Each structure stands twice: as C-alpha cells, then as structure tokens.
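Input: a single structure, listed below in structure tokens.
The values are calculated or read from the model by the stated rules, or taken from the named source; none is laboratory data. Keep in mind the model is a prediction, meaning the values are calculated, not measured. When we count neighbours, we look across all protein chains shown, and the Cβ atoms used for this are built from the backbone with ideal geometry, even at glycine. What goes into the accessible areas is simple: the full protein's heavy atoms, side chains included, and nothing from ligands, DNA or RNA. Shrake-Rupley method; radii C 1.70, N 1.55, O 1.52, S 1.80 Å.
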Amino acid sequence: MDGVDVVGRVDGRTARAERTRAAIVEAHLALISEGDLRPTGERIAERAGISLRTLWTNFKDMETLFEASGAEVLRQQDAAHRPISPGLPLAKRVDAYCRQRARLLQLIAPSARAAQMREPVSEQLHRNKLKHIERVRDEVEELFAVELAEAGPGREQLVHALVAASTWQAWSMLRYGLGLGVDQARAVMSRTVGALLAEVTPD
C-alpha cells in the first residue's frame, strides 16, 4: 500500500503542476486577448491567481512560457480547422480555403499581434511563427496539389506565393495596414490566391 500511496501522491502533484501550468498559459493568452500585448510576469501571475515565484517555478523564463502559449494557440487552431476536400472544383476550394484562413487568422489575431512586437528579440516566438507557416504550407500543398503539379519548375515559387498571401503577415497588412474589414480582407486574399492558381490551370 505504501507504494500505491507514493504513486498516488506523485500523480497528484503532477496533475496539480499541469493545472497550474495550464492556468498560467490561459492567463497569459487572456491578457493578450484583452489588449495587454506585453503582459509582465506580475500581471500573468495575478491573473492566474498564483504567486510570482510559482510562475517562475513552472516556467524558467518568458521564452518557455512563449513556447507553451504558442502550443496552446496551435491547439486551438487545430480544433477550429475543418478539412476541405481536394476534390472540389478550384473556385470552391479557393473560396473555402480563404474563408477558413480568415476565420483562423482572426482567431489568432491577438497572440499574433503580441508576438509581432517581441519576435525580433525572441527566438521562441520566431520558432512559433515558423510552425504556423509550415502548417499553412502543408495545407496549400495538399489542397492545391493538382494545380501545383501543373506549375512544373515554378512549383516552389507558386507555393511560396500562396503561403505568403495567406499567412498572418499579409492578413495584418490587409486588416491593420489598409484598414479593411474581415470580409474585405478575405475577398482580397481570395482574389490573390485565385489569380495565382489560375496562371497554371489548364484551359
């Protein structure tokens, strides 16, 4: 029974530690979503209902917190993502893809804007961004495989153009640089993606 008790205590401590870490990440992302794009450790700890010491016991620095928060944002994106059939006609694929990209980009907008501010001095935030870009690339290559095959030697360049047109940097320009609404920004993205793919679509 002693062994069972020890295992139970260890499992209990592990579960509590996981809940604490989850609460810290939730507090971090909640503050960002409310407009506090550079929340301090003090504000995060207060929001999570823990001491500052507990915060830094669970995360050794902001970089490790950025890693955990970035993983949670990716999880939220994955949960909201809906597969699009590669068998649909091109126009319907483009429309469905751009509608979904707009929805997901709006979902991550607060954390993406916050990351944009700190990425120049954060290796972890840069790694987080690369993960988002890689996922977009994977979807583009699967959803538009037929058109990409038609591009021949220009395939890689076309992939780069499609990814660039549908990731956060372009969306940020449309929404906050040009001041477009969500529907207007999505229409521009759809026009761009459609035009790029139309260049390689057989007549």
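Structure summary
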item: Packing-based order for 143-151, 126-134, using average beta carbon neighbours within 10 Å, highest first; result: 143-151, 126-134
item: Bins of 5 Å from zero: percent of alpha-carbon pairs in region 16-115; result: 2, 13, 21, 19, 14, 10, 7, 6, 5, 3, 1, 0
item: For region 12-63, fraction of C-alpha pairs farther apart than 18 Å, in %; result: 23 percent
item: With every protein chain in place, region 42-88: carbon and sulfur % of accessible area (1.4 Å); result: 52 percent
item: Whole-number D in µm²/s for region 150-193 (Stokes-Einstein; Kirkwood sum over Cα pairs; 10 °C, 1.306 mPa s); result: 144 µm²/s
item: For A145, net neighbour charge (Lys/Arg +1, Asp/Glu -1) across residues whose Cβ lies under 13 Å away; result: -3
item: Percentage relative contact order, the chain, counting C-alpha pairs under 8 Å, at least six apart; result: 19 percent
item: Value at 222 nm in deg cm²/dmol, rounded to 500, when DSSP H runs of n ≥ 4 in the chain each add -39,500 (n - 2.57); result: -25000 deg cm²/dmol
item: Cα pair distances of region 88-139 binned at 5 Å [whole percent]; result: 4, 18, 21, 23, 15, 9, 6, 3, 1
item: Hydrodynamic radius by Kirkwood, which averages 1/r over all alpha carbon pairs of region 127-203, in angstrom; result: 13.1 Å
item: Value of D in µm² per second that Stokes-Einstein yields for region 130-174, Kirkwood Rh from Cα pairs, at 20 °C (1.002 mPa s); result: 198 µm²/s
item: Surface/4 of the Cα convex hull for region 72-169, nm²; result: 6.5 nm²
item: The chain, dipole about Cα centre (Lys/Arg Cβ +1, Asp/Glu Cβ -1), debye to the nearest 20; result: 520 debye
item: Evaluated over the chain, the Cα radius of gyration and Dmax, each in Å; result: 20.9, 76
